[in-house]
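Report on the following structure.
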Amino acid sequence: MSLSELPPGSVALAWALLGLMVGSFLNVCIYRLPREGMSVSRPRRSQCPACGTELGWVENIPLLSWIVQAGRCRTCSARISLRYPLVEASNAGLWYMAVTLAGPADWPLWLCWSVVLSGLLVATMVDFDCFQIPDEVSLGGCVLAPLACLCVPGLQGETLLAQFLSADPLGGVDRVGALLSSFAGMGVGAGVLLLIGALGKRIYGAEAMGLGDVKLLAAGGGFIGPGGALVALALAALVASVFGLLNMLRFFILSRSRARGRGRSVGIRRSLRVARLAGRYLPFGPFLGLGIGIVLLAWDDLSFLWL
Ligand SMILES: [Zn+2]
């Protein structure tokens with residue numbers, strides 16, 4: 001019996017359930033990877049960050065524990081962030097989408113997609129928290145991408161360069177084509193951000209691009225190819241500038257209402273300057289992650305952009 005003979009949706013649902021449990025592990029990674037002296041396996045058991053009590057298995061059931069305990073620690077009743085169940089649910093949702101979009105029968109493809117999406121989720125959350133992207137994710141991705149493309153050439157199936165470099169006259173992608181396209185994607189991903197960083201430094205005299213972003217887009221390019229890396233960057237820049245403007249607006253409103261609360265008159269111009277300075281600091285990794293994820297799952301649907 002093959003995977004495609006099972007009732008429709010059952011593979012995706014089962015995979016999503018596993019994704020929920022893996023999401024619980026991702027929460028551990030997000031918390032521990034950026035912290036010195038902690039690793040994914042040390043300490044072995046999860047602890048409450050507030051009281052340090054080791055958590056038993058009842059308190060570690062994804063989603064359910066949080067709901068049953070109403071978002072509080074069982075021992076010290078400190079609040080447990082809503083982020084934990086959200087990360088678990090997001091990972092389940094992403095894994096569900098991977099199976100649905102790849103088709104349940106193509107398990108090597110959705111397996112790889114799921115790993116990449118989980119990596120992007122971790123990179124996104126850590127970057128939001130600490131303005132850094134863990135090397136375990138970005139450099140790990142750079143090592144994994146060519147290996148994965150060699151084993152599952154379908155990862156580069158829609159990449160024009162991979163099709164061009166493959167021996168298949170019907171436009172299929174073979175291992176050599178997929179591997180070369182993966183390397184090209186890593187080169188383009190890293191290269192374009194390094195170039196933008198160098199230009200930014202020339203023009204603004206300040207570091208415009210973090211090395212973490214460079215490594216992340218390199219890893220992403222390894223999975224989605226050179227064209228994909230450029231489209232992912234364009235999507236990331238587009239969404240980031242919308243969010244950047246909204247963030248500046250938020251600081252502008254905040255600065256106005258604070259001034260009014262203190263009964264002081266502060267010039268609009270001053271508020272604008274505060275908003276521009278404070279609102280500028282947004283991590284870029286989450287937007288890169290979003291762009292890479294969209295290209296990974298929807299490359300064929302994005303072709304309307306250039307056709
Ligand atoms: Zn506690």
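Taken together, the values in this text are just the output of simple stated rules run on the coordinates, not laboratory data. Quantities reported herein were computed from a predicted structural model and do not represent experimental measurements. Ideal geometry is used to build each Cβ from the backbone, glycine not excepted, and the neighbour counts take in all protein chains shown.
Over the C-alpha trace of the chain, radius of gyration and Dmax come out as 21.9, 74 angstrom. Each part reduced to its alpha carbon centroid, the stretch 1-61 and the stretch 180-198 end up 32 Å apart. Using amide H atoms built in the peptide plane, which far-off residues or other-chain residues are under 5 Å from ARG72 H to H? HN-HN under 5 Å from ARG72: ILE80. If you take every residue apart from LEU121 with its C-beta less than 14 Å away from the C-beta of LEU121, what net charge results, scoring Lys and Arg +1 and Asp and Glu -1? Net charge in that neighbourhood comes out at -3. Using a simple spin-label model with pseudo-atoms 7 Å out from Cα toward Cβ, GLU54 and GLU207 lie 3.9 nm apart.
Taken along its principal axes, the alpha carbon cloud of the stretch 27-83 reaches lengths of 31, 19, 18 Å, longest axis first. Taking the chain as a Gaussian network of alpha-carbon nodes connected by springs under 10 Å, the highest mean-square fluctuation of the residues PRO283, PRO43, PRO226 belongs to PRO43.
Expressed per residue, the C-alpha convex hull volume of the stretch 1-102 stands at 126 Å³. Projecting the Cα positions of ASN60, THR75, TRP15 onto the charge dipole of the stretch 1-102 (unit charges on Cβ atoms of Lys, Arg, Asp and Glu, taken about the Cα centre) puts THR75 furthest along the positive direction. As a proxy for reagent exposure, MET38, MET248 were ordered by neighbouring Cβ count within 10 angstrom, fewest first; the result is MET38, MET248. Distance from the C-alpha centroid of the stretch 266-301 to that of the stretch 229-265: 8 Å, rounded to the whole angstrom. Multiplying the residue separation of ARG276 and LEU238 by 0.36 nm and removing their Cα-Cα distance gives an extension gain of 11.9 nm. Computed FRET efficiency, Cβ-Cβ of SER10 and SER257, R0 51 Å: what is it to the nearest 0.05? That gives a FRET efficiency of 0.45. In the elastic network of the chain, a GNM with C-alpha springs shorter than 10 Å, the most mobile of TYR31, TYR204, TYR281 is TYR204. Note: relative contact order over the chain, using C-alpha pairs below 8 Å and six or more positions apart, is 16 percent. Using C-alpha pairs below 8 Å separated by at least 6 residues, the relative contact order for the stretch 1-86 is 20 percent.
Distance between the 7 Å Cα→Cβ label points at LEU194 and ILE61: 5.1 nm.
With the helix formula -39500 (n - 2.57) applied to DSSP H stretches of n ≥ 4, the chain reaches a computed 222 nm mean residue ellipticity of -23000 deg cm²/dmol. Counting only whole DSSP H helices of the chain, the ones at least 27 Å long by C-alpha along their axis and with mean Kyte-Doolittle hydropathy no lower than 0.0 are 10-32, 83-102, 107-130, 175-204, 211-261.
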